[in-house]
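Read the structure below first, then the notes.
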Amino acid sequence: VTLAGDAVHAQAKKDPPKHFTNSIGVKFVWIPPGNFIMGSPKEEKERKSDEIQHKLTLTKSFYMGVYAVTQEEWQAVMGKNPSFFKGEKNLPVERIPWEHCQDFVKKMRDKDKKPYRLPTEAEWEYACRAGTTTPYHFGENITTDQANYLGEIILPFGKKGVFRKKTTPVGSFQANAWGLHDMHGNVWQQCQDW
């Protein structure tokens with residue numbers, strides 16, 4: 001789960017704060033509007049049929065959670081922790097159905113009186129890319145030094161690496177150019193529209 005929020009107040013449209021932290025400690029970063037090519041090129045390895053490249057323009061800025069929502073943050077709002085991987089501090093919450101993400105977002109909106117929501121798929125990909133055009137925001141290739149994934153399997157543009165057999169604490173890997181962590185690997189992210 002990654003939270004997003006709209007930059008709605010008048011001051012945010014002129015000179016938005018670049019960061020803020022909400023009442024339960026979720027850190028947000030401002031994402032500027034802009035253009036990007038969504039999807040992947042036809043020649044990219046293991047490309048799926050729904051990844052058709054197309055130009056998109058996001059006309060409004062928005063805020064995006066710097067990290068995936070942690071188990072502690074989820075527990076503070078929802079009162080329980082459904083995650084399978086537990087134990088370390090700041091592990092991302094996982095095993096969350098989309099409907100439960102919507103409940104979490106609603107409770108956060110009610111609590112903080114802010115327009116929280118999940119990011120759309122386009123916003124998520126735009127924020128993940130952070131101005132890059134490569135398969136990963138850090139370049140053409142991926143290693144387990146850059147993201148947590150099933151390292152025993154060689155991914156497209158990757159090489160065999162460490163298989164940690166668990167999630168890693170949020171922020172364990174280098175952020176992208178906009179300050180967002182763990183945009184590749186660790187846990188699946190829910191989007192508002194898909």
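The values are calculated or read from the model by the stated rules, or taken from the named source; none is laboratory data. This structure is a prediction, so every number in the text was calculated from the model and none was measured. A quick note on method: Cβ atoms are made from the backbone with ideal geometry, for glycine too, and the neighbour counts reach across all protein chains shown. The area values use the complete protein model at the heavy-atom level, side chains included, leaving out ligands, DNA and RNA. Shrake-Rupley method; radii C 1.70, N 1.55, O 1.52, S 1.80 Å.
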Part-to-part distance (alpha-carbon centres) for the range 130-194 and the range 100-116, which is given in Å
27
Which one of Ile154, Pro16, Pro97 has its Cα pushed farthest toward the positive end of the charge dipole of the chain, where Lys and Arg give +1 and Asp and Glu give -1 at the Cβ?
Pro16
Return the calculated 222 nm mean residue ellipticity for the chain, to the nearest 500 deg cm²/dmol, obtained by summing -39500 (n - 2.57) across DSSP H runs with n ≥ 4 and dividing by the residue count.
-5500 deg cm²/dmol
Tell me, Kirkwood radius of the chain from alpha-carbon pair distances, in Å?
17.5
Would you please classify the overall shape of the range 73-136 from the alpha carbon gyration tensor, given that a ≥ b ≥ c denote the square roots of the eigenvalues, rounded means a/c under 1.5, and beyond that prolate means a/b larger than b/c while oblate covers the rest?
oblate
In the chain, carbon and sulfur make up what percent of the accessible area (probe 1.4 Å)?
53
Relative contact order of the range 42-194 (C-alpha contacts under 8 Å, at least 6 apart) in percent is 25
Leaving ligands, DNA and RNA out of it, rank Arg109, Arg117 by accessible area with a 1.4 Å probe, largest first.
Arg109, Arg117
What lysines could a cross-link reach from Lys55, if we take a straight Cα to Cα line under 16 Å and drop same-chain neighbours fewer than 8 places away?
Lys42
Between their Cα atoms, which of Lys27/Lys89; Lys45/Lys86; Lys18/Lys106; Lys18/Lys114; Lys111/Lys166; Lys60/Lys113 are more than 27 Å away from each other?
Lys45/Lys86; Lys111/Lys166
From the protein chains alone at 1.4 Å, what is the descending order of accessible area for Asp182, Asp103, largest first?
Asp103, Asp182
For the chain, give the magnitude of the charge dipole about the Cα centre (Cβ charges: +1 Lys/Arg, -1 Asp/Glu; no others), in debye to the nearest 20.
400
With the 1.4 Å probe rolled over protein heavy atoms, the range 56-194 has an accessible area per residue in Å² of 53
Rank these by accessible area, largest first, 1.4 Å probe: Thr133, Thr21, Thr120.
Thr133, Thr21, Thr120
